[in-house]
Amino acid sequence: MLRNDQLDQWDRDSFFHPSTHLAEFARGNLPQRVVTGGSGCYIQDRDGTRLLDAFAGLYCVNVGYGRSEIADAIAEQAKELAYYHAYMGHGTEASITLAKMILDRAPSHMSRVYFGLSGSDANETNIKLVWYANNILGRPEKKKIISRWRGYHGSGLVTGSLTGLELFHKKFDLPLPPVLHTQAPYYFRRPDRSMSEADFVTHCVTELEQLIETQGADTIAAFIGEPVLGTGGIVPPPDGYWPAIQAVLDKHDILLIADEVVTGFGRLGSMFGSDHYGMRPDIMTIAKGLTSAYAPLSGSIISEKLWSVLEQGTDENGPIGHGWTYSAHPVSAAAGVANLQLIDAQDLVAQAGAVGAYLNAAMADALKGHPHVGEVRGEGMLCAVELVRDADASVFFGADEKVGPRVAAHMLEHAKVIARAMPQGDILGFAPPFCLTKGQADEIVA
Ligand code: PLP
């Protein structure tokens, strides 16, 4: 075993941590938490401190930590066949089985699954496939993609552009030109406090229609959105939002990409957010919950309509020139199969719905009337607490006050509960594993 001070030194000298204030880390002002174990909803660090992980890692360890069924499936696959590629028609029993299991759970108009490794690369694949299809269909000018401010779709060049959060653009020369942004359905921060929810939906839809008209529908290929905005603040859509958006997209022949990286496989208490909100996507992005993060794996679920264009296109153009070495990696696929089996066997989607509803109700109840709580909102096993300076007058804290991060740090220190200070605004996010009990929900609220 390495000494702690030795490990800390190597950490500071060798490790480039993602999404981290590098200078503060170097100065020793950020915690160096070395995580050593996990079981159920808890992780443990090297000092033996046990923390209730109310964000399931990065809302990905959906079935909870320490699931030996998945670990065993990974080990068996690695021993049997650690790797073979999926190019030119190759596959493994695990990857083929998993594709079938995903389609069995997806809306019936979905047709094929393309596997990647991360949510970011899956969204990158989606945009490329949409462009490819429009070139095949003889409309090469129909390429722009509309995303929403506050949306999160990844950190790549195109996906970082789709992401509508300033932190992910600043100094990176993003967003790139094929991406346009429109307003998020964030009712709490509506432009006018007197607006009803229905009026706000009309307002969002009108803005989208105006953008389409200004740009020209024949230049716009797709609209991408998370069923519930995640990293941008955990914001469920107002009633009627998705059907109204869907109608505009259908009218203008614009594809819908449902980014289900967070919502896929049960987090809302339904298998997919698309089912939950009556969306009819042409592509669905999946990642996190597909393996509950036991191994990296993502996917693009493609509709029959889009698939037939892609398939026919190869007769004229040859094989699709898009592939990752690790597409459909057998070890990750084995983790995915075991994960989905476990979710079924323990009825974890229903548990996420039921305990998530309990958590949201208990949180709202406990914080009702609190002068610094503007709103408690959520859906299924997603919950957010919006902190404000003055709840009555809807006055927000200044960004430099860092109230969200301070409250999260306080919860960690005093209650040993991990909440996530969402990256924009003073929002505390909760997205626990689906195996959360009501007692653990009470612990988070307390
Ligand atoms: N899409 C959504 C909705 C996400 O929440 C995330 C990550 O949090 C991504 C895409 C990107 O996934 P990854 O971090 O695996 O690249």
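The values are calculated or read from the model by the stated rules, or taken from the named source; none is laboratory data. Please read these numbers as outputs of a predicted model, since none were measured by experiment. Here the Cβ is made from the backbone with ideal geometry for all residues, glycine too, and neighbour counts use every protein chain on show.
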Restricting to region 197-233, give me the number of residues that are touching a Ser or Thr at 6+ places or on another chain (Cβ under 8 Å) and free of Cβ contacts under 8 Å to residues at least 40 places away in the same chain. 1
Would you point out which residue out of Arg148, Arg139 is basic (Lys, Arg), within 13 Å of the ligand (Cβ to nearest atom) and in contact (Cβ under 8 Å) with a residue 40 or more places away in the chain? Arg148
Can you confirm whether region 23-41 contains a residue that is surrounded by 11 or more Cβ atoms within 10 Å (Cβ to Cβ), in contact with a Phe, Trp or Tyr (Cβ under 8 Å, 6 or more places away or on another chain) and touching a residue at least 40 places away in the same chain (Cβ under 8 Å)? yes
Which of the residues belonging to region 6-19 are of a type outside the set (Gly, Ala, Ser) and either more than 23 Å from Tyr65 (Cβ to Cβ) or loosely packed, with under 10 Cβ neighbours inside 10 Å (or both)? Gln6, Asp8, Gln9, Trp10, Arg12, Asp13, Phe16, Pro18
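Results for (1) under 25 Å from Pro140 (Cβ atoms); (2) more than 16 Å from the ligand (Cβ to nearest atom); (3) more than 16 Å from the chain's Cα centre (by Cα), shown as yes or no for each residue.
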site: Ile257; (1), (2), (3): yes, no, no
site: Ser274; (1), (2), (3): no, no, no
site: Gly278; (1), (2), (3): no, yes, yes
site: Asp282; (1), (2), (3): yes, yes, yes
site: Gln312; (1), (2), (3): yes, yes, yes
Please specify each residue of region 259-272 satisfying the condition of being away from the ligand (no atom under 13 Å from the Cβ) and among the hydroxyl-bearing types (Ser, Thr, Tyr). Ser270
May I ask you to verify whether Thr182 is within 16 Å of the ligand (Cβ to nearest atom), of a type in the set (Ser, Thr, Tyr) and under 18 Å from Ala258 (Cα atoms)? no
Go through region 45-59 and give me each residue that's assigned to a strand (DSSP E or B) and under 16 Å from Gln440 (Cα atoms). Arg50, Leu51, Leu52, Asp53
Do you know which residues across region 389-418 are out of contact with any strand residue (DSSP E or B) (no Cβ under 7 Å at 6 or more places or on another chain) and small (Gly, Ala, Ser)? Ala393, Gly398, Ala399, Ala409, Ala415
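When you look at Glu93, is it more than 16 Å from the ligand (Cβ to nearest atom), charged (D, E, K, R), touching a residue at least 60 places away in the same chain (Cβ under 8 Å) and in the same structural domain as Tyr294 (by TED's automatic domain parsing), yes or no?
Considered against the rule, which asks whether it is more than 16 Å from the ligand (Cβ to nearest atom), charged (D, E, K, R), touching a residue at least 60 places away in the same chain (Cβ under 8 Å) and in the same structural domain as Tyr294 (by TED's automatic domain parsing), Glu93 comes out as no.
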